[in-house]
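Asker: The structure that follows is given in the form of structure tokens.
The values are calculated or read from the model by the stated rules, or taken from the named source; none is laboratory data. Just so you know, these numbers come straight off a predicted model, no measurement behind them. All Cβ positions, glycine included, derive from the backbone under ideal geometry; neighbour counts span all protein chains shown.
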2 protein chains.
Amino acid sequence: MSNRPHPLTNHQIRLAARPVGLPTADNWTHTQEPVRELEDGEIVVKTLYISIDPAMRGWMNGGKSYIRPVEINEVMRAGGVGRVVESKSDKFKVGDIVSGSTGVQEYWIGAADNKYGAFYKIDPSFAPLPKYLNALGMPGMTAYFGLLDVGMPKAGETVVVSGAAGAVGQTVGQVAKQKGCRVVGIAGGKDKCDFVVNELGFDACIDYKNSSVKDGLKEHCPNGVDIYFDNVGGEILDTVLTRINMKARIIICGAISQYNNTTPIQGPSNYLSLLVNRARMEGIVVFDYAPRYHEAVKEMGSWMAQGQFHTREDIVQGIDNFPATLNMLFEGKNFGKLVLQIAAE
Amino acid sequence: MSNRPHPLTNHQIRLAARPVGLPTADNWTHTQEPVRELEDGEIVVKTLYISIDPAMRGWMNGGKSYIRPVEINEVMRAGGVGRVVESKSDKFKVGDIVSGSTGVQEYWIGAADNKYGAFYKIDPSFAPLPKYLNALGMPGMTAYFGLLDVGMPKAGETVVVSGAAGAVGQTVGQVAKQKGCRVVGIAGGKDKCDFVVNELGFDACIDYKNSSVKDGLKEHCPNGVDIYFDNVGGEILDTVLTRINMKARIIICGAISQYNNTTPIQGPSNYLSLLVNRARMEGIVVFDYAPRYHEAVKEMGSWMAQGQFHTREDIVQGIDNFPATLNMLFEGKNFGKLVLQIAAE
């Protein structure tokens, strides 16, 4: 028997068609359905915030990747933070705040111990909830382990990061500063550049929309580039390749400039710089580090507690705005980690 | 006072102009000059064989690389094997057979202890001299250290190598077989493919000129590609990128398909496969391993002595044929390590 005061209606956004180029309204359908009764071991999570990520564009494509594609008519995949509102599981009780793969919908229902995208409890008193989708969530884990495990920064080295004001970039730069590196960001527009320098403590930032990245690298990386953390691909990757040092490490995290291409992806024409400089280009997928997320949360959490680590979120309201909000990423319109608020806390 | 029976005349090939695209006759001048008298500490080496390498094309370009360019009107750089014919050095005596940077000329003269391209003695009784420009020389060292140090092969893994019948490819495949790997070559034409399978013991070879590399990889690498040793770049690199395994290693040794481009180099459009597969692409320059060459000579030499390691050289005669011989490389016309014989032994 249900203890619901009234039937819950679940609004959802589903993938209607695979996009060609930039997603449009035709790629999405808005659906609603009642939330079914719980079975033993299941929970209902009311979605509060979802993370809007460049990776979503890849999930919309068919074909093999590091994760299965979202199927046509499936609820769009999204990481989120929510509140447990019903529970027939010993694992969670009503009122728990959890993080996991909610999808782009108002309510998630399923087994509490589901393997993929399993929910885990988070502490709302430790940090505001949107930060659990930023430095304390997947983007933060990506930045932390990509930089430290693949980049292996040494104090005094020069680290360059693109998408510097974005979710991953913010954390890459601040972790690199904590490790004693010189940090140069690349971001679009003066506001973002001022933010990463003045509020996050980067040593410099190159505004790729209003200045030459090549000249900026010459000016701000007088000793060359030891580590490049790439979130954008395309011409910026190619330009950085001309400035790398011997034994440089390039972390391939994403290529947002290329995700909506209708022509083949632009490969790095200057990749032979890897040969000349005995350098390395290596990919990272955050899920590989799941057993070690706690290390990152602990270290970055302690920096936050000491006021030495800051993050910025760009929060948009309302599930119906999901399609437009996603496209903000590809137009560089977000300023900080992009989060969609689905319901009031 | 000279003890020469008559003055030595040195025929040389010099870089006349930097090439655009494939080198032509206009890029070279043939010069001759007398060999000057020796000063203390100097030697004269009579060049017997020189190594014809894809890297030569890069040395002809201006601009920064892993080694300084050959200057206009400078004798073209080449590694070679020769005989010491005059000596005012304690380091070498007349009759010694040596290997070093002879250049494309009949006689090299200079300080016996010159730092760059220093000569070292080799043992003509251990192996025919051209092999000192192949597996026991720079191509062999490149293959050995690139595969083992960057590729880190484990028994049972699948190794793919392009330019399989070439100088580096021959050794890569045979070292990988010795380490217990499955080895698949990529080469141009049935003869080369038959050679690497039947004479060198590769498990399979894909004839890129007469069949689909994509289909060949599917057929011959049923468990995917763990290591790709790339000598060619271009479309073959892009195709292999679609077949790599998780944590694959790609060794960037060269990109012969791109060296004569008059348009920008074709970057690997599928480089995001590195991300999906958490894979690595890394460059190698052989000079870094100079302190360890002796390890490679010892191990490969012992395999040769046991009849478990074979090499093939393609020997062309005569210094005047240098320009045409170099271009054979770019047209895929050589069959085995390309060597130019400058004088009879």
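Asker: Could you look through the stretch A:86-132, keep only residues that are without any contact (Cβ under 8 Å) to a residue 60 or more places away in the chain and of a type in the set (A, V, I, L, M), and pick out the one that is nearest to A:LEU38 (Cα to Cα)?
Answerer: The extreme case among them is A:VAL94.
Asker: Scan B:ARG292, B:ARG278 and give me the residue that is more than 22 Å from B:ALA164 (Cβ to Cβ), touching a residue at least 60 places away in the same chain (Cβ under 8 Å) and either crowded, with 18+ Cβ neighbours inside 10 Å or not assigned by TED's automatic domain parsing to the domain that holds B:THR142 (or both).
Answerer: B:ARG292 is the lone residue from the list that is more than 22 Å from B:ALA164 (Cβ to Cβ), touching a residue at least 60 places away in the same chain (Cβ under 8 Å) and either crowded, with 18+ Cβ neighbours inside 10 Å or not assigned by TED's automatic domain parsing to the domain that holds B:THR142 (or both).
Asker: Among (1) in contact with a Lys or Arg (Cβ under 9 Å, 6 or more places away or on another chain); (2) under 25 Å from A:ALA78 (Cβ atoms), which single condition is A:LEU148 missing?
Answerer: Among (1) in contact with a Lys or Arg (Cβ under 9 Å, 6 or more places away or on another chain); (2) under 25 Å from A:ALA78 (Cβ atoms), the lone unmet condition for A:LEU148 is (2).
Asker: How about the stretch A:116-144: which of its residues are surrounded by fewer than 24 Cβ atoms within 10 Å (Cβ to Cβ) and among the polar types (S, T, N, Q)?
Answerer: Of everything in the stretch A:116-144, just one residue is surrounded by fewer than 24 Cβ atoms within 10 Å (Cβ to Cβ) and among the polar types (S, T, N, Q), namely A:SER125.
Asker: From the set of residues in the stretch A:194-225 that are out of contact with any Gly (no Cβ under 7 Å at 6 or more places or on another chain) and within 21 Å of A:THR311 (Cβ to Cβ), which is surrounded by the fewest Cβ atoms within 10 Å (Cβ to Cβ)?
Answerer: The selected residue is A:ASN198.
Asker: May I pose another question? Take the residues in the stretch B:7-44 that are touching a Ser or Thr at 6+ places or on another chain (Cβ under 8 Å) and polar (S, T, N, Q), then tell me which one is surrounded by the most Cβ atoms within 10 Å (Cβ to Cβ).
Answerer: It comes out as B:GLN12.
Asker: Which residues, taken from the stretch A:110-151, are at pLDDT 95 or above and farther than 20 Å from A:ASP314 by Cα?
Answerer: A:TYR144, A:PHE145, A:GLY146, A:LEU147, A:LEU148, A:ASP149, A:VAL150, A:GLY151
Asker: Follow-up. Inspect all residues belonging to the stretch B:159-168 and state whether any of them is closer than 23 Å to B:LYS333 by Cα, part of a helix (DSSP H, G or I) and touching a residue at least 60 places away in the same chain (Cβ under 8 Å).
Answerer: Checked the stretch B:159-168: at least one residue is closer than 23 Å to B:LYS333 by Cα, part of a helix (DSSP H, G or I) and touching a residue at least 60 places away in the same chain (Cβ under 8 Å).
Asker: Can we say A:SER162 is surrounded by 24 or more Cβ atoms within 10 Å (Cβ to Cβ) and in the same structural domain as A:LEU241 (by TED's automatic domain parsing)?
Answerer: So A:SER162 passes the test.
Asker: Quickly run through the stretch B:301-341 and pick out the residues that are surrounded by 18 or more Cβ atoms within 10 Å (Cβ to Cβ) and among the hydroxyl-bearing types (Ser, Thr, Tyr).
Answerer: If the condition is that a residue be surrounded by 18 or more Cβ atoms within 10 Å (Cβ to Cβ) and among the hydroxyl-bearing types (Ser, Thr, Tyr), then B:THR311, B:THR325 are the ones that fit.
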